[in-house]
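Below: the structure, in structure tokens.
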Amino acid sequence: MPRHIRRLLLVLIGLGLVAVAVRNLVVDRSFYEYGHYRGNAVAEIARDKPKFQGTAYCQSCHAAEYDTWAHGLHYSPDTARIVKCEVCHGPGGGRDPGQNYLHAATGPVHPGNLKLAVPADTTALCTVCHEQIVGRPAEQRQIVSGEHAGGQQCSLCHDAHAPLRFKGALAAAAAGGNPAAGQRKTAACAPCHGPTGVSAAGLIGPTLAGQNRAYLAAALAAYRSGARKNPIMLGVASVLSNSDIEDIAAFFASQKCAAGPGGAAQLAAARAAGAAMCASCHGANGVPTGAAWPSLLGQSTDYLQGALRSYAGGDRSHVVMSAIAKSLDDAGTAKVAAYYGGAACK
Amino acid sequence: MDDETSADEVQAGRRAFLTCFGSALAGGAVAATATALLPGPARAAAGGAPSPAIPDYDWKQHQWAFGVDARKCIGCLRCVEACKAENEVALDAHHFRTWVERYVYVEGEDAPRIDSQADPVNIAASGSEQHYRFANRYQDQKVERAFFVPKLCNHCTHPACVQVCPTGATFKTDDGVVLIDHTYCIGCQYCVQACPYGARFFNVEKKVTEKCTWCYHRITKGLLPACVEVCPTGARIFGDRRDKQSPISRFLAENRVDVLKPETGNAPNVFYVGIDKDVR
């Protein structure tokens, strides 16, 4: 074989070996394992950690809430309408991208920090699905939020876990309570609130007759726990059991405190007194428009003024009332209290 | 004589050359064979390649597919936000692995008006590029009909994006998912151009292309994709076509379904119910 040909051959073989060596070094060994791609990439992509954990994960700690949800409208498997925990609470094991949840700032992973992400603004949250907009199918329950409950937080009335379950009066109706038994337990109440809960002139306690049962029960429970601060009421309530509270609330709720004159004339007067925003829940004459809110009927001006000051000062706390009380100055507080203070029990 | 001799010599020289050239070709062939006998294909040739090393998962047992019942979609966009959280997609109004379009037919107009969650009006309604909600538009028009259409990667049977990828960075898995290997992606974006559905986008930070994976890290663990997991109305359906009782098998058995742009020949694996000729 001529020498120049042999040299050419050697060069070619050398190039071939270099090509093999380079390919071995540069191309991943799993390339072409399954096709024209790096085979290991499949398992690498599959290794990512899931962030949404599913309802069973939530149930393991939040069994009560899960149970409420599983019996409510947000769990309707027959129509495939299932609003799972993480739709509203965000991913159980992951970041909170928009920081839209309370407690999210304390740590990205739940339950590592033992704080559940609770949506801060339920009005903004619920309307994501329930605001009436063009394109939304008619089967979806929809509201026009401007015309629904005066733009209050949805969670004020609805239990978000079971939205057709209402808070307040309906919950109390389910809880019950025996008015007759309650009357026998009111000896400590009468000196300040009157024997039937009608606070006549000279008595220092507010009128309880005709008040919402749920509101009364909640108030007694709050005094007992110290959430509502009043030294006299703390003493009285601290000896009451849960069933005592239900019975007493049922008794005073069953007593009569008839309304004074109502209607359009009174509403106009309420507006003039700066009480228009009160009337949207508590009614123009003090009789609440919804079952969830307390009656102002027969309350004294002093009591109402004191209650508003407590909300403004933080002794009492309520998502709506605290904000309203803080927005009123002393003159406004006095005007509102004077207006509702005029609606006496008949 | 001189002429004859030289002719013989030429013949001999040509024979020798051809012999040598043949040997050289043979050598080249040996080199090529050696190249071909790299570990990967060698394993592939020997009794079929095993499944990728995913715990408790054999991709030969599954064939994934996706369904969308547009009649049920309420446009709440929980899927879009869940996808961003699950897959750490950029939190802006320009990058989405899945998105929702609204088609509104206004009286007297030939073509529908189409907006998505990324529309400036809708971003203004949500107040942030990180939260999404459809604004209450078209109140002053007479709307004949309107509906929402969720969209995502179609994980086509004949994906154009895979065909154009110059590095083998994007590929179709045996269980029917189109994935992107971010270590092999060189960011040329040919695939972004090739996809007829606009399902791919460029991740400027990582310099790679990104798209929906049907949450491959979830489905290989027996979970649903994040968008399906959070859909509150069952408008998104996912499952294994090999399992005749899976939600997607029942969905396909019970409905007459459409795919988007069938004329492109990509053979999508996202099946729609309740869309319209204008949805493409």
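The values are calculated or read from the model by the stated rules, or taken from the named source; none is laboratory data. These figures come from a predicted structure and were not determined experimentally. FYI the Cβ positions are ideal-geometry reconstructions off the backbone, even for glycines, and counts take in every protein chain you see.
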query = When both residues are 6+ apart or on different chains and their Cβ atoms are under 6 Å apart, which pairs have a first residue that lies in region B:233-252 and is without any contact (Cβ under 8 Å) to a residue 24 or more places away in the chain, and a second that is surrounded by 22 or more Cβ atoms within 10 Å (Cβ to Cβ)?
reply = B:Ser246/B:Gly239
query = Within region B:148-160, is there a residue that is closer than 30 Å to A:Arg136 by Cβ, at pLDDT 95 or above and within 9 Å of chain A (Cβ to nearest Cβ)?
reply = yes
message = Condition first: modelled with pLDDT of 80 or more, part of a loop (DSSP other than H, G, I, E, B) and either of a type in the set (A, V, I, L, M, F, W, C) or under 25 Å from the mean Cα position of the chain (by Cα) (or both). Can you find one or more residues in region A:263-279 that meet it?
response = no
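Across region B:48-81, what is the total count of residues that are among the aromatic types (Phe, Trp, Tyr) and more than 9 Å from every other protein chain (Cβ to nearest Cβ)?
First, pick out the residues of region B:48-81 that are among the aromatic types (Phe, Trp, Tyr): B:57, B:59, B:64, B:66.
Now drop any that are not more than 9 Å from every other protein chain (Cβ to nearest Cβ), which leaves B:64, B:66.
Qualifying residue count for the region: 2.
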remark   = For region A:212-229, the count of residues that are in a loop (DSSP other than H, G, I, E, B) and out of contact with any helix residue (DSSP H, G or I) (no Cβ under 6 Å at 6 or more places or on another chain) equals 3
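Okay, residues lined up against (1) modelled with pLDDT of 85 or more; (2) assigned to a loop (DSSP other than H, G, I, E, B); (3) of a type outside the set (Ser, Thr, Tyr):
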residue	(1), (2), (3)
A:Val128	yes, no, yes
A:Ala138	yes, yes, yes
A:Ala181	no, no, yes
A:Ala201	no, yes, yes
A:Ile204	no, yes, yes
inquiry  = Could you go through region B:207-217 and let me know if any residue there is among the polar types (S, T, N, Q) and under 15 Å from B:Cys83 (Cα atoms).
reply    = yes
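Return the residues of region B:97-113 that are more than 12 Å from every other protein chain (Cβ to nearest Cβ) and either closer than 27 Å to B:Glu86 by Cβ or free of Cβ contacts under 8 Å to residues at least 60 places away in the same chain (or both); say none if nothing qualifies.
Within region B:97-113, B:Arg97, B:Thr98, B:Trp99, B:Glu107, B:Gly108, B:Glu109, B:Asp110 qualify.
In the list B:Ser128, B:Ser116, which residue meets the criterion of being crowded, with 16+ Cβ neighbours inside 10 Å, under 27 Å from B:Lys207 (Cα atoms) and free of Cβ contacts under 8 Å to residues at least 24 places away in the same chain?
Details: B:Ser128 fails: crowded, with 16+ Cβ neighbours inside 10 Å.
After ruling out the rest, the residue left standing is B:Ser116.
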note = Matching residues in region A:22-46 (crowded, with 17+ Cβ neighbours inside 10 Å and more than 7 Å from chain B (Cβ to nearest Cβ)) number 3
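Would you confirm, using the coordinates I've provided, whether A:Thr79 is of a type in the set (Ser, Thr, Tyr), at pLDDT below 90 and more than 24 Å from B:Thr220 (Cβ to Cβ)?
So A:Thr79 passes the test.
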task = Looking only at region B:181-197, decide whether some residue is within 19 Å of A:Gly39 (Cα to Cα), polar (S, T, N, Q) and in contact with a helix residue (DSSP H, G or I) (Cβ under 9 Å, 6 or more places away or on another chain).
result = yes
ask   = Do we find a residue being of a type in the set (Val, Ile, Thr) and in contact (Cβ under 8 Å) with a residue 24 or more places away in the chain anywhere in region A:33-46?
value = no
query = So A:Asn113 clears everything in (1) modelled with pLDDT of 85 or more; (2) polar (S, T, N, Q); (3) over 29 Å from B:Arg102 (Cα atoms); (4) assigned to a loop (DSSP other than H, G, I, E, B) except one condition, right? Which one?
reply = (1)
task = Return the residue satisfying two criteria in turn: it lies in region A:47-61 and is out of contact with any helix residue (DSSP H, G or I) (no Cβ under 8 Å at 6 or more places or on another chain) and touching a residue at least 24 places away in the same chain (Cβ under 8 Å), and of such residues it is surrounded by the most Cβ atoms within 10 Å (Cβ to Cβ).
result = A:Tyr57
